[in-house]
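Visitor: Handing you a structure now.
The values are calculated or read from the model by the stated rules, or taken from the named source; none is laboratory data. Predicted model only: the values in this text are computed from it and were never measured. Every residue, glycine as well, gets a Cβ built from its backbone with ideal geometry; the counts of neighbours run over all protein chains shown. Accessible surface areas use protein heavy atoms only, side chains included; no ligands, DNA or RNA. Shrake-Rupley method; radii C 1.70, N 1.55, O 1.52, S 1.80 Å.
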Amino acid sequence: EQEWCTNGGKGTGWLAEFGEFAEWAVDGVDAAEACCACGGGDCEECFDSFGWVSSTEHSCASYEEQEWCTNGGKGTGWLAEFGEFAEWAVDGVDAAEACCACGGGDCEECFDSFGWVSSTEHSCASYEEQEWCTN
């Protein structure tokens with residue numbers, strides 16, 4: 001079992017000599033972005049984590065409306081003095097994990113990016129079948 005990546009990160013089968021996922025990207029897209037099994041892919045229907053609010057009582061809707069985040073990062077409304085999302089987490093869960101607009105939430109159905117293969121011709125199916133990724 002290769003277990004090359006986990007949800008968006010390297011798995012136990014990914015050796016240091018392999019470098020970063022980005023080194024195997026095609027057109028700037030690597031497995032962590034393209035493959036559901038690696039935490040990427042295209043979510044057909046996403047649901048915010050039920051009832052989640054930040055430590056300052058802001059919901060996922062607030063994060064989206066205030067443009068505090070984008071799918072996977074800080075948005076134009078997030079000011080530097082706000083620090084990191086993790087500073088506003090509740091029980092270890094922050095907006096990046098809880099909110100669809102921030103790249104988190106619960107994906108009802110995920111689809112691998114159509115036709116994606118790594119620079120070594122490994123598809124998302126290969127990553128999943130070889131357990132190079134787990135989600």
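Visitor: Determine if segment 38-56 includes at least one residue that is modelled with pLDDT under 80 and of a type in the set (Ser, Thr, Tyr).
Guide: no
Visitor: In the list Gly105, Gly73, which residue meets the criterion of being within 23 Å of Ala22 (Cβ to Cβ) and within 15 Å of the chain's Cα centre (by Cα)?
Guide: Just a single option satisfies the conditions, and that option is Gly73.
Visitor: Taking the condition over 25 Å from Glu131 (Cβ atoms), of a type in the set (A, V, I, L, M, F, W, C) and assigned to a loop (DSSP other than H, G, I, E, B), does Trp78 pass?
Guide: Yes.
Visitor: Applying the selection to segment 110-121, what residues are in a loop (DSSP other than H, G, I, E, B) and in contact (Cβ under 8 Å) with a residue 12 or more places away in the chain?
Guide: Asp112, Ser113, Trp116, Ser118, Ser119, Thr120, listed by residue number.
Residues checked against (1) farther than 15 Å from Cys99 by Cα; (2) in contact with a helix residue (DSSP H, G or I) (Cβ under 8 Å, 6 or more places away or on another chain):
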| site | (1), (2) |
| --- | --- |
| Gly41 | yes, yes |
| Phe50 | no, no |
| Val53 | no, no |
| Glu57 | no, no |
| Cys69 | no, yes |
| Leu79 | yes, no |
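Visitor: Could you say which residue among Glu44, Glu81 is within 18 Å of Glu109 (Cβ to Cβ) and either charged (D, E, K, R) or in contact with a Lys or Arg (Cβ under 8 Å, 6 or more places away or on another chain) (or both)?
Guide: Exactly one of Glu44, Glu81 is within 18 Å of Glu109 (Cβ to Cβ) and either charged (D, E, K, R) or in contact with a Lys or Arg (Cβ under 8 Å, 6 or more places away or on another chain) (or both), namely Glu44.
Visitor: What residue, among those in segment 62-97 that are of a type in the set (A, V, I, L, M) and surrounded by 12 or more Cβ atoms within 10 Å (Cβ to Cβ), is farthest from Trp24 (Cα to Cα)?
Guide: Among those that are of a type in the set (A, V, I, L, M) and surrounded by 12 or more Cβ atoms within 10 Å (Cβ to Cβ), it is Val90.
Visitor: Could you say which residue among Ala80, Ala125, Ala86 is touching a residue at least 12 places away in the same chain (Cβ under 8 Å) and among the aliphatic types (A, V, I, L, M)?
Guide: Ala125
Visitor: Scan segment 1-21 residue by residue and report those that are open to solvent by 70 Å² or more (accessible area, probe 1.4 Å), closer than 16 Å to Gly40 by Cβ and at pLDDT 80 or above.
Guide: Scanning segment 1-21 gives a single hit, Glu20.
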